[in-house]
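The values are calculated or read from the model by the stated rules, or taken from the named source; none is laboratory data. These figures come from a predicted structure and were not determined experimentally. Cβ: placed from backbone, ideal geometry, glycine included. Neighbour counts: every protein chain shown.
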Amino acid sequence: MSFLDRWLAVWILAAMGLGLALGHFLPGLNHVLDAMTIGGISIPIAVGLLVMMYPVLAKVRYNETQRITGDRKLIVLSLILNWVLGPLFMFVLAWVFLPDLPEYRTGLIIVGLARCIAMVFIWNDMACGDREAAAVLVAINSVFQVVAYGALGWFYLQALPSWLGLETTSAEFSLGAIVTSVLVFLGIPLLAGFLTRTLGEKAKGRDWYETTFLPKIGPWALYGLLFTVVLLFSFQGEAIIAQPLDVARMAVPLLLYFVLMFVVSFFASKLVGLNYAKSTSVAFTASGNNFELAIAVAIGTFGITSGQALAGVVGPLIEVPVLVGLVYVALWLGRRWFPGDPTVPVPQHHASAASDQPNRTTTGVSS
(Lines give C-alpha, C1' and ligand atoms only; values in the text may rest on other atoms or scores of the structure.)
Protein backbone atom coordinates (compact mmCIF):
# COMPACT_ATOMS: atom_id res chain seq x y z
CA MET A 1 0.00 0.00 0.00
CA SER A 2 1.41 3.36 -0.99
CA PHE A 3 2.13 6.13 1.52
CA LEU A 4 -0.76 8.18 0.09
CA ASP A 5 -3.21 5.27 0.34
CA ARG A 6 -2.14 4.32 3.87
CA TRP A 7 -2.88 7.76 5.26
CA LEU A 8 -5.81 8.66 2.99
CA ALA A 9 -8.19 9.50 5.84
CA VAL A 10 -5.61 11.94 7.22
CA TRP A 11 -5.12 13.62 3.83
CA ILE A 12 -8.87 14.01 3.35
CA LEU A 13 -9.33 15.55 6.79
CA ALA A 14 -6.38 17.85 6.08
CA ALA A 15 -7.91 18.84 2.72
CA MET A 16 -11.22 19.59 4.45
CA GLY A 17 -9.43 21.69 7.06
CA LEU A 18 -7.46 23.55 4.40
CA GLY A 19 -10.61 24.27 2.43
CA LEU A 20 -12.44 25.56 5.50
CA ALA A 21 -9.46 27.73 6.43
CA LEU A 22 -9.23 29.19 2.92
CA GLY A 23 -12.95 29.93 2.88
CA HIS A 24 -12.78 31.59 6.29
CA PHE A 25 -9.59 33.65 5.92
CA LEU A 26 -10.19 34.51 2.25
CA PRO A 27 -13.90 35.44 2.38
CA GLY A 28 -13.93 36.57 -1.24
CA LEU A 29 -12.73 33.20 -2.51
CA ASN A 30 -16.24 31.81 -2.91
CA HIS A 31 -17.12 34.69 -5.23
CA VAL A 32 -13.96 34.06 -7.27
CA LEU A 33 -14.88 30.37 -7.59
CA ASP A 34 -18.47 31.25 -8.40
CA ALA A 35 -17.26 33.51 -11.20
CA MET A 36 -15.50 30.55 -12.80
CA THR A 37 -18.82 28.89 -13.66
CA ILE A 38 -20.16 28.03 -17.09
CA GLY A 39 -23.71 26.75 -17.53
CA GLY A 40 -24.05 26.16 -13.79
CA ILE A 41 -20.88 24.03 -13.69
CA SER A 42 -17.93 25.17 -11.58
CA ILE A 43 -14.88 24.79 -13.82
CA PRO A 44 -12.35 24.25 -10.97
CA ILE A 45 -14.55 21.59 -9.33
CA ALA A 46 -15.22 19.96 -12.71
CA VAL A 47 -11.48 19.74 -13.37
CA GLY A 48 -10.89 18.14 -9.98
CA LEU A 49 -13.66 15.59 -10.48
CA LEU A 50 -12.54 14.69 -13.99
CA VAL A 51 -8.96 14.15 -12.78
CA MET A 52 -10.38 12.04 -9.94
CA MET A 53 -12.68 9.88 -12.05
CA TYR A 54 -10.60 9.29 -15.16
CA PRO A 55 -8.04 6.84 -13.68
CA VAL A 56 -10.78 4.79 -12.03
CA LEU A 57 -12.89 4.61 -15.19
CA ALA A 58 -9.80 3.72 -17.21
CA LYS A 59 -9.55 0.59 -15.02
CA VAL A 60 -13.02 -0.68 -15.97
CA ARG A 61 -13.04 -3.68 -18.31
CA TYR A 62 -15.84 -2.47 -20.53
CA ASN A 63 -16.04 -5.72 -22.49
CA GLU A 64 -17.15 -7.42 -19.26
CA THR A 65 -20.10 -5.13 -18.46
CA GLN A 66 -22.51 -7.51 -20.22
CA ARG A 67 -22.37 -9.87 -17.23
CA ILE A 68 -23.67 -7.00 -15.08
CA THR A 69 -26.53 -5.91 -17.34
CA GLY A 70 -27.81 -9.50 -17.29
CA ASP A 71 -27.87 -9.64 -13.48
CA ARG A 72 -31.50 -8.74 -12.79
CA LYS A 73 -31.19 -9.07 -9.00
CA LEU A 74 -28.39 -6.51 -8.90
CA ILE A 75 -30.13 -4.04 -11.23
CA VAL A 76 -33.56 -4.24 -9.57
CA LEU A 77 -32.13 -4.03 -6.05
CA SER A 78 -30.03 -1.00 -6.97
CA LEU A 79 -33.02 0.78 -8.51
CA ILE A 80 -35.15 0.19 -5.42
CA LEU A 81 -32.43 1.34 -3.03
CA ASN A 82 -31.50 4.41 -5.08
CA TRP A 83 -34.84 5.68 -6.28
CA VAL A 84 -37.32 4.48 -3.67
CA LEU A 85 -35.60 3.92 -0.32
CA GLY A 86 -32.86 6.59 -0.53
CA PRO A 87 -35.02 9.65 -1.29
CA LEU A 88 -37.76 8.50 1.11
CA PHE A 89 -35.27 7.92 3.92
CA MET A 90 -33.69 11.36 3.47
CA PHE A 91 -37.16 12.94 3.40
CA VAL A 92 -38.04 11.31 6.73
CA LEU A 93 -34.72 12.26 8.35
CA ALA A 94 -34.95 15.86 7.11
CA TRP A 95 -38.42 16.33 8.59
CA VAL A 96 -37.59 14.54 11.85
CA PHE A 97 -34.40 16.50 12.56
CA LEU A 98 -35.11 19.85 10.84
CA PRO A 99 -38.85 20.53 11.19
CA ASP A 100 -38.20 24.20 12.10
CA LEU A 101 -35.52 24.90 9.48
CA PRO A 102 -37.25 24.73 6.07
CA GLU A 103 -34.27 25.92 3.99
CA TYR A 104 -31.89 23.30 5.39
CA ARG A 105 -34.61 20.67 5.26
CA THR A 106 -35.23 21.36 1.59
CA GLY A 107 -31.49 21.30 0.92
CA LEU A 108 -31.14 17.84 2.47
CA ILE A 109 -34.07 16.52 0.45
CA ILE A 110 -32.41 17.85 -2.71
CA VAL A 111 -29.20 16.03 -1.69
CA GLY A 112 -31.18 12.81 -1.17
CA LEU A 113 -32.66 13.02 -4.67
CA ALA A 114 -29.24 13.39 -6.33
CA ARG A 115 -27.96 9.83 -6.65
CA CYS A 116 -24.21 9.33 -6.82
CA ILE A 117 -22.47 9.32 -10.22
CA ALA A 118 -18.93 10.47 -9.36
CA MET A 119 -17.14 9.82 -6.07
CA VAL A 120 -18.74 6.38 -5.78
CA PHE A 121 -16.02 5.10 -8.12
CA ILE A 122 -13.35 6.12 -5.61
CA TRP A 123 -14.99 4.47 -2.60
CA ASN A 124 -15.90 1.36 -4.61
CA ASP A 125 -12.36 0.96 -5.89
CA MET A 126 -10.84 1.47 -2.45
CA ALA A 127 -13.04 -1.32 -1.06
CA CYS A 128 -12.27 -3.58 -4.06
CA GLY A 129 -15.83 -3.56 -5.30
CA ASP A 130 -16.84 -4.69 -8.77
CA ARG A 131 -15.68 -1.93 -11.13
CA GLU A 132 -17.87 -3.08 -14.01
CA ALA A 133 -20.92 -3.24 -11.72
CA ALA A 134 -20.23 0.27 -10.45
CA ALA A 135 -19.93 1.60 -14.01
CA VAL A 136 -23.24 0.03 -15.07
CA LEU A 137 -25.13 1.10 -11.93
CA VAL A 138 -23.86 4.67 -12.20
CA ALA A 139 -24.86 4.78 -15.88
CA ILE A 140 -28.38 3.63 -14.92
CA ASN A 141 -28.50 6.22 -12.13
CA SER A 142 -27.56 8.87 -14.66
CA VAL A 143 -30.48 7.98 -16.91
CA PHE A 144 -32.90 8.01 -13.98
CA GLN A 145 -31.40 11.29 -12.80
CA VAL A 146 -32.34 12.96 -16.07
CA VAL A 147 -35.77 11.34 -16.28
CA ALA A 148 -36.91 11.30 -12.66
CA TYR A 149 -35.16 14.09 -10.71
CA GLY A 150 -37.68 16.82 -11.48
CA ALA A 151 -40.68 14.56 -10.82
CA LEU A 152 -39.22 13.32 -7.54
CA GLY A 153 -38.45 16.89 -6.51
CA TRP A 154 -42.12 17.80 -7.01
CA PHE A 155 -43.24 14.68 -5.14
CA TYR A 156 -41.04 15.11 -2.05
CA LEU A 157 -41.25 18.91 -1.80
CA GLN A 158 -44.90 19.45 -2.70
CA ALA A 159 -47.09 16.36 -3.15
CA LEU A 160 -46.06 14.17 -0.22
CA PRO A 161 -45.82 17.03 2.34
CA SER A 162 -49.27 18.22 1.23
CA TRP A 163 -50.74 14.74 1.72
CA LEU A 164 -49.19 14.58 5.20
CA GLY A 165 -50.36 18.06 6.18
CA LEU A 166 -46.80 19.44 6.21
CA GLU A 167 -45.34 22.65 4.79
CA THR A 168 -44.70 22.52 1.04
CA THR A 169 -41.86 24.07 -0.96
CA SER A 170 -42.10 25.36 -4.52
CA ALA A 171 -39.06 24.65 -6.67
CA GLU A 172 -38.42 24.51 -10.40
CA PHE A 173 -35.49 22.27 -11.26
CA SER A 174 -33.69 22.94 -14.52
CA LEU A 175 -33.61 19.89 -16.78
CA GLY A 176 -30.68 21.49 -18.58
CA ALA A 177 -28.67 21.69 -15.35
CA ILE A 178 -29.35 18.01 -14.63
CA VAL A 179 -28.39 16.88 -18.13
CA THR A 180 -25.27 19.06 -18.08
CA SER A 181 -24.22 17.62 -14.72
CA VAL A 182 -24.57 14.06 -15.98
CA LEU A 183 -22.75 14.74 -19.24
CA VAL A 184 -19.85 16.60 -17.62
CA PHE A 185 -19.33 14.60 -14.45
CA LEU A 186 -19.96 11.15 -15.94
CA GLY A 187 -20.00 11.40 -19.73
CA ILE A 188 -16.57 12.99 -20.23
CA PRO A 189 -14.53 10.74 -17.88
CA LEU A 190 -16.49 7.65 -18.95
CA LEU A 191 -15.73 8.30 -22.62
CA ALA A 192 -12.09 9.08 -21.82
CA GLY A 193 -11.73 5.89 -19.77
CA PHE A 194 -13.38 3.75 -22.43
CA LEU A 195 -11.23 5.17 -25.25
CA THR A 196 -8.05 4.86 -23.18
CA ARG A 197 -8.63 1.18 -22.41
CA THR A 198 -9.79 0.33 -25.92
CA LEU A 199 -6.92 2.08 -27.68
CA GLY A 200 -4.33 1.16 -25.04
CA GLU A 201 -5.13 -2.56 -25.15
CA LYS A 202 -5.23 -2.49 -28.93
CA ALA A 203 -1.83 -0.83 -29.16
CA LYS A 204 0.06 -2.54 -26.32
CA GLY A 205 -2.09 -5.39 -25.03
CA ARG A 206 -3.99 -5.91 -21.76
CA ASP A 207 -0.95 -7.00 -19.76
CA TRP A 208 0.98 -3.78 -20.51
CA TYR A 209 -2.14 -1.68 -19.98
CA GLU A 210 -2.96 -3.10 -16.53
CA THR A 211 0.55 -3.63 -15.16
CA THR A 212 2.37 -0.60 -16.60
CA PHE A 213 -0.07 2.12 -17.64
CA LEU A 214 -2.73 1.93 -14.92
CA PRO A 215 -0.26 2.10 -11.98
CA LYS A 216 1.14 5.32 -13.46
CA ILE A 217 -2.20 7.13 -13.66
CA GLY A 218 -3.73 5.53 -10.54
CA PRO A 219 -2.48 8.08 -7.95
CA TRP A 220 -4.07 10.93 -9.90
CA ALA A 221 -7.50 9.76 -8.70
CA LEU A 222 -6.52 10.66 -5.15
CA TYR A 223 -4.88 13.92 -6.21
CA GLY A 224 -8.12 14.90 -7.94
CA LEU A 225 -10.14 13.85 -4.90
CA LEU A 226 -8.08 15.96 -2.50
CA PHE A 227 -8.13 18.97 -4.85
CA THR A 228 -11.92 18.69 -5.14
CA VAL A 229 -12.36 18.43 -1.37
CA VAL A 230 -10.29 21.59 -0.82
CA LEU A 231 -12.40 23.49 -3.36
CA LEU A 232 -15.73 22.27 -1.99
CA PHE A 233 -14.98 23.29 1.56
CA SER A 234 -13.44 26.61 0.62
CA PHE A 235 -16.62 27.36 -1.35
CA GLN A 236 -18.66 27.97 1.82
CA GLY A 237 -15.97 27.71 4.47
CA GLU A 238 -16.90 31.05 5.99
CA ALA A 239 -20.59 30.11 6.26
CA ILE A 240 -19.79 26.70 7.75
CA ILE A 241 -17.51 28.16 10.42
CA ALA A 242 -19.94 31.01 11.16
CA GLN A 243 -22.91 28.64 11.68
CA PRO A 244 -21.49 25.61 13.51
CA LEU A 245 -24.76 24.76 15.29
CA ASP A 246 -26.70 24.75 12.03
CA VAL A 247 -24.04 22.54 10.46
CA ALA A 248 -24.20 20.20 13.46
CA ARG A 249 -27.98 19.90 13.15
CA MET A 250 -27.67 18.98 9.48
CA ALA A 251 -24.78 16.61 10.22
CA VAL A 252 -26.90 14.28 12.37
CA PRO A 253 -29.46 13.24 9.70
CA LEU A 254 -26.72 13.09 7.06
CA LEU A 255 -24.58 10.81 9.22
CA LEU A 256 -27.53 8.51 9.89
CA TYR A 257 -28.42 8.51 6.21
CA PHE A 258 -25.00 7.52 4.90
CA VAL A 259 -24.32 4.84 7.52
CA LEU A 260 -27.77 3.22 7.53
CA MET A 261 -28.15 3.32 3.74
CA PHE A 262 -24.78 1.60 3.40
CA VAL A 263 -25.45 -1.11 5.98
CA VAL A 264 -28.99 -1.82 4.73
CA SER A 265 -27.83 -1.93 1.10
CA PHE A 266 -24.84 -4.15 1.89
CA PHE A 267 -26.99 -6.58 3.89
CA ALA A 268 -29.80 -6.58 1.30
CA SER A 269 -27.28 -7.39 -1.43
CA LYS A 270 -25.97 -10.35 0.55
CA LEU A 271 -29.54 -11.43 1.25
CA VAL A 272 -30.42 -11.67 -2.46
CA GLY A 273 -27.27 -13.68 -3.16
CA LEU A 274 -24.80 -11.14 -4.55
CA ASN A 275 -21.09 -11.69 -3.89
CA TYR A 276 -18.88 -9.30 -1.90
CA ALA A 277 -17.68 -7.26 -4.88
CA LYS A 278 -21.18 -6.63 -6.25
CA SER A 279 -22.61 -6.01 -2.77
CA THR A 280 -19.96 -3.36 -2.21
CA SER A 281 -20.80 -1.63 -5.49
CA VAL A 282 -24.53 -1.64 -4.69
CA ALA A 283 -23.93 -0.32 -1.16
CA PHE A 284 -21.69 2.57 -2.16
CA THR A 285 -23.88 3.48 -5.13
CA ALA A 286 -26.94 3.60 -2.88
CA SER A 287 -25.35 5.46 0.04
CA GLY A 288 -23.39 8.11 -1.89
CA ASN A 289 -24.93 11.20 -3.44
CA ASN A 290 -24.27 13.45 -6.40
CA PHE A 291 -23.30 16.50 -4.38
CA GLU A 292 -22.19 18.32 -7.55
CA LEU A 293 -25.74 18.20 -8.88
CA ALA A 294 -27.32 18.94 -5.49
CA ILE A 295 -25.18 22.05 -5.03
CA ALA A 296 -25.80 23.21 -8.61
CA VAL A 297 -29.57 22.72 -8.26
CA ALA A 298 -29.69 24.44 -4.86
CA ILE A 299 -27.70 27.44 -6.08
CA GLY A 300 -29.59 27.68 -9.36
CA THR A 301 -32.99 27.45 -7.67
CA PHE A 302 -32.50 29.27 -4.35
CA GLY A 303 -29.27 31.29 -4.72
CA ILE A 304 -25.62 30.90 -3.71
CA THR A 305 -26.13 32.32 -0.20
CA SER A 306 -29.27 30.31 0.56
CA GLY A 307 -29.66 27.76 3.31
CA GLN A 308 -30.39 25.16 0.65
CA ALA A 309 -26.98 25.82 -0.93
CA LEU A 310 -25.29 25.55 2.48
CA ALA A 311 -27.03 22.20 3.05
CA GLY A 312 -25.71 21.05 -0.32
CA VAL A 313 -22.14 21.89 0.75
CA VAL A 314 -22.58 20.28 4.18
CA GLY A 315 -23.54 17.08 2.33
CA PRO A 316 -19.97 16.26 1.21
CA LEU A 317 -18.63 17.70 4.49
CA ILE A 318 -20.23 14.67 6.15
CA GLU A 319 -20.23 12.25 3.21
CA VAL A 320 -16.51 12.29 2.41
CA PRO A 321 -15.11 11.24 5.81
CA VAL A 322 -18.04 8.89 6.54
CA LEU A 323 -17.71 7.00 3.25
CA VAL A 324 -13.95 6.74 3.72
CA GLY A 325 -14.74 5.10 7.05
CA LEU A 326 -17.30 2.83 5.37
CA VAL A 327 -14.57 1.58 3.03
CA TYR A 328 -12.92 -0.01 6.05
CA VAL A 329 -16.30 -1.24 7.29
CA ALA A 330 -16.87 -2.95 3.93
CA LEU A 331 -13.46 -4.64 4.06
CA TRP A 332 -14.14 -5.78 7.63
CA LEU A 333 -17.65 -7.05 6.87
CA GLY A 334 -16.46 -8.79 3.72
CA ARG A 335 -14.22 -11.17 5.65
CA ARG A 336 -17.03 -11.96 8.09
CA TRP A 337 -20.19 -11.97 5.98
CA PHE A 338 -18.70 -13.58 2.85
CA PRO A 339 -16.46 -16.47 4.01
CA GLY A 340 -14.95 -18.32 1.08
CA ASP A 341 -15.99 -15.66 -1.44
CA PRO A 342 -13.11 -15.23 -3.93
CA THR A 343 -14.03 -11.56 -4.49
CA VAL A 344 -13.32 -10.66 -0.85
CA PRO A 345 -10.09 -8.59 -0.77
CA VAL A 346 -7.07 -10.23 0.83
CA PRO A 347 -5.31 -8.32 3.64
CA GLN A 348 -1.94 -7.03 2.49
CA HIS A 349 0.07 -9.35 4.72
CA HIS A 350 -1.65 -12.26 2.96
CA ALA A 351 -1.35 -10.78 -0.51
CA SER A 352 1.62 -12.92 -1.49
CA ALA A 353 -0.51 -16.00 -0.99
CA ALA A 354 -3.07 -14.62 -3.42
CA SER A 355 -0.80 -13.30 -6.15
CA ASP A 356 -3.15 -14.69 -8.78
CA GLN A 357 -5.74 -12.09 -7.67
CA PRO A 358 -3.84 -8.79 -7.92
CA ASN A 359 -7.01 -6.68 -7.99
CA ARG A 360 -8.42 -8.15 -4.82
CA THR A 361 -5.76 -7.02 -2.37
CA THR A 362 -6.52 -4.10 -0.12
CA THR A 363 -4.27 -1.53 -1.77
CA GLY A 364 -6.70 1.34 -2.19
CA VAL A 365 -7.50 3.00 -5.49
CA SER A 366 -4.08 2.31 -6.90
CA SER A 367 -4.63 -1.44 -6.79
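Of note:
- When the residues of region 25-63 are filtered to those that are in a loop (DSSP other than H, G, I, E, B) and without any contact (Cβ under 8 Å) to a residue 24 or more places away in the chain, the one that is surrounded by the fewest Cβ atoms within 10 Å (Cβ to Cβ) is Gly28.
- Any chance Ser174 is modelled with pLDDT of 95 or more and farther than 18 Å from Val320 by Cβ: no
- Hits in region 128-181 - residues which are surrounded by 13 or more Cβ atoms within 10 Å (Cβ to Cβ), of a type in the set (Phe, Trp, Tyr) and in a helix (DSSP H, G or I): Phe144, Tyr149, Trp154, Phe155, Tyr156
- Residue in region 65-77 that is over 26 Å from Val264 (Cβ atoms) and assigned to a helix (DSSP H, G or I) present: yes
- Flag if Ala309 is surrounded by 20 or more Cβ atoms within 10 Å (Cβ to Cβ) and within 22 Å of Arg335 (Cβ to Cβ): no
- Contacts under 9 angstrom Cβ, first residue in region 141-170 being within 23 Å of Ala296 (Cβ to Cβ), partner part of a loop (DSSP other than H, G, I, E, B) and among the acidic types (Asp, Glu), 6 or more apart: Gly150/Glu172; Gly153/Glu172
- Condition check for Pro215: closer than 27 Å to Ala15 by Cα, within 21 Å of the chain's Cα centre (by Cα) and of a type outside the set (A, V, I, L, M): no
- Exactly one residue out of Ser142, Ser181 is under 25 Å from the mean Cα position of the chain (by Cα), within 22 Å of Ser265 (Cβ to Cβ) and of a type in the set (Ser, Thr, Tyr): that is Ser142.
- Test result for Gly205, in contact with a helix residue (DSSP H, G or I) (Cβ under 6 Å, 6 or more places away or on another chain) and either without any contact (Cβ under 8 Å) to a residue 60 or more places away in the chain or crowded, with 21+ Cβ neighbours inside 10 Å (or both): no
- For region 89-107, a residue qualifies if it is in a helix (DSSP H, G or I) and within 19 Å of Ala298 (Cα to Cα), and the qualifying residues are Met90, Phe91, Leu93, Ala94, Trp95, Pro102, Glu103, Tyr104, Arg105, Thr106, Gly107.
- Restricting region 191-246 to residues that are within 20 Å of Val60 (Cβ to Cβ), in contact with a Pro (Cβ under 7 Å, 6 or more places away or on another chain) and assigned to a helix (DSSP H, G or I), the residue that is modelled with the lowest pLDDT: Ala221
- Candidates in region 320-367 are the residues that are at pLDDT 50 or above and among the hydroxyl-bearing types (Ser, Thr, Tyr); of these, the one that is nearest to Phe291 (Cα to Cα) is Tyr328.
- Pairing residues of region 265-294 that are in contact (Cβ under 8 Å) with a residue 24 or more places away in the chain and over 15 Å from Val84 (Cβ atoms) with residues that are of a type in the set (Asp, Glu) and outside any helix (DSSP H, G or I), at Cβ distances under 6 Å and at least 6 apart in sequence or on separate chains, gives Asn275/Asp341; Tyr276/Asp341; Ala277/Asp130; Lys278/Asp130; Ser281/Asp130.
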